[in-house]
């Protein structure tokens, strides 16, 4: 039986019981002279009119399957408050409701609940002979009977079912592919997910009329602020419309519910793998976007809605790594500082040395304290630049990659005066990057912190090795990607890349004729045979390459740590050790120069007892080139972070040497979709 026919039978059952009870009331309210109470007569007539309006139907042909289905016109009867005489005035508003088509689905068990049980059973039976004189109790019972039946059943049930009708049609439309110009153009992944969400829920609205559910969703959308995402991008304002100003029109109700679901699923998707596709953002990003299991994700989302576990599903969508949690907590603290006016600006003036007194010292002390630094027990108003404050300033300078001198000079003051809002934006950019990369990490991996100029070996969340590094110059950036370290090369040769040949070697050769010999560079043809470099037209060299001999003075030093990648970059030793003393170390042409590469190599080879640190040193001393495969490949992550999270949860900030923060933030704020 179709949904419409089932509902029509229910209404007819209610009509039958109404008329049965009406007849019993008429018997009880008939006067001795045979006349009937006028108020009762008017109410009974109005009830008959209401039934007639509800049962008015017309035939309609279903265009989808050709079945003849019933289209009904229902009247919504709204009882006004009772007057002093306990009379009820009934008004009739007959909206046209759309047909509900959702496969062959009929009305579910909860909707089949008998109107007789649901409504008429709430009216107490009338005792024969009661109140014959005035009949007021009988009239009141009849008025309540009509009001309950019409208001609760026809208005509420018809409104909900009509909304389901519209949602079902939207599901059909989203699932249908449109063939245009010889190609198939279907809905987006997100639109298909929304349609499947409603399909699995039998097109039932998910949010309207669900106060607790809306409250939980509002709480989680507001929490996106601390993920660096804008709650307004996910329909936060729509929740007030759903809770306080729900529309009456079924189409409007369906569109509102659909839009709320869109914001819900989109926010989970963006937490799970980031709002942006990093590869579309810049060529420097070479990170595969996290894959998603649509079916599993939808099952979790639907379950959280129906079981009231929205908090849990949002927590599961976020990266589980400690770095992400600490960044989120750091952003929350910074937002709180900003909401209270931010940290103070330190006025300009001469450099302040430790031990001196200056009216700007209290502002310096407060600024460092708000940044999480220990400024000691001194009075906040003290103008003395005491040792505890000097120590805090030195920590700040070190973390900002400034000269660590413990003095408040112009560069240090400029870094201190960067606004809280700017730092908030910096954390936001790094939270997005964390959503790209901080998932499915193994127990052991090597992390190259490009903006921090350091490499770390991380084991089960703990740093067991760290070293300073030199990375690519801003115009020769070190690329960002994930790979696997597979081998070491002891005493490696260096083949000059085309970019370095064009921009470095040839200009140097024009200035210094003996440049190739002085730098141990030799020319080889495509067959590996050495050729006279002096007779090569380097502007049109063809398959001729320049190769530097192995040795401690070579560009790669005595060791290279290799991980296959299309950028031909690797970790290696360098003869330019003096550059490690610089705070900002963007000096290379893309590869990563490591200050202590043999210590890192020993950790990589620790499962091979033959290749200890001493054995590696001995092999390098021979001058012979050799390749050593790792006992097991170790993942390496080349990442661009412009923030650091310390053990105490404090966040510090790095220079944006490649200018990527602004690019990332602009894309996050501009892009609404995902």
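Brief remarks on what is shown
- On full extension, the segment bounded by residue 23 and residue 369 gains 116.2 nm, given 0.36 nm per residue less the C-alpha separation.
- Kirkwood Rh and Cα Rg combined as Rg over Rh, evaluated for region 240-399: 1.18
- Segment residue 299-residue 547, length gained on full extension (0.36 nm per residue, minus Cα span): 83.6 nm
- P(r) histogram, all alpha-carbon pairs of region 199-318 included - 5 Å bins from 0, percent: 2, 10, 21, 21, 19, 13, 7, 4, 2, 1, 0
- Region 396-413 and region 586-662: distance between their alpha carbon centers, rounded to Å: 27
- As a proxy for reagent exposure, 466, 625 were ordered by neighbouring Cβ count within 10 angstrom, fewest first; the result is 625, 466.
- Applying 1/(1 + (r/R0)^6) with r as the Cβ-Cβ distance of residue 316 and residue 567 and R0 = 30 angstrom yields a FRET efficiency of 0.30.
- Label-zone membership for region 246-276, site residue 288, 7 angstrom Cα→C-beta point, backbone N under 19 Å: 272-276
- Alpha-carbon Rg with Dmax, taken over region 568-674, Å: 19.0, 59
- Computed FRET value (nearest 0.05) for residue 398 with residue 252, which takes r as the C-beta separation and R₀ as 45 Å: 0.15
- Cα shape, region 351-408, gyration tensor, a/c 1.5 rule: oblate
- For the pair residue 245 and residue 190, label points projected 7 Å from Cα toward Cβ lie 2.4 nm apart.
- Net length available on complete extension from residue 388 to residue 175 is 70.1 nm, with 0.36 nm assigned per residue and the Cα-Cα distance removed.
- As a rough footprinting exposure proxy, the listed residues 398, 275, 654 were ranked by other beta carbons within 10 Å of their own, and the order from fewest upward is 398, 654, 275.
- Inter-label distance, nm, simple model (7 Å from Cα along the C-beta direction), residue 279/residue 583: 3.8
- In terms of other Cβ atoms within 10 Å, 603, 490 run from fewest to most in the order 603, 490.
- Ellipsoid semi-axes in whole angstrom, largest first, where each is sqrt(5λ) of the Cα gyration tensor of region 361-454: 31, 15, 13
- Förster-model FRET efficiency, 35 Å R0, residue 418 and residue 576, C-beta, rounded to 0.05: 0.70
- Cα centroid separation - region 532-566 against region 326-393, whole Å: 51
- Here the simple spin-label model places points 7 Å from the Cα toward Cβ, and for residue 515 and residue 357 these points are separated by 6.0 nm.
Where a number appears in this text, it was derived from the coordinates with a stated rule and is not lab data. It should be emphasised that the depicted structure is a prediction, and the values quoted were computed from it without experimental measurement. Neighbour counts run over all protein chains shown; Cβ positions are idealised from the backbone, glycine included.
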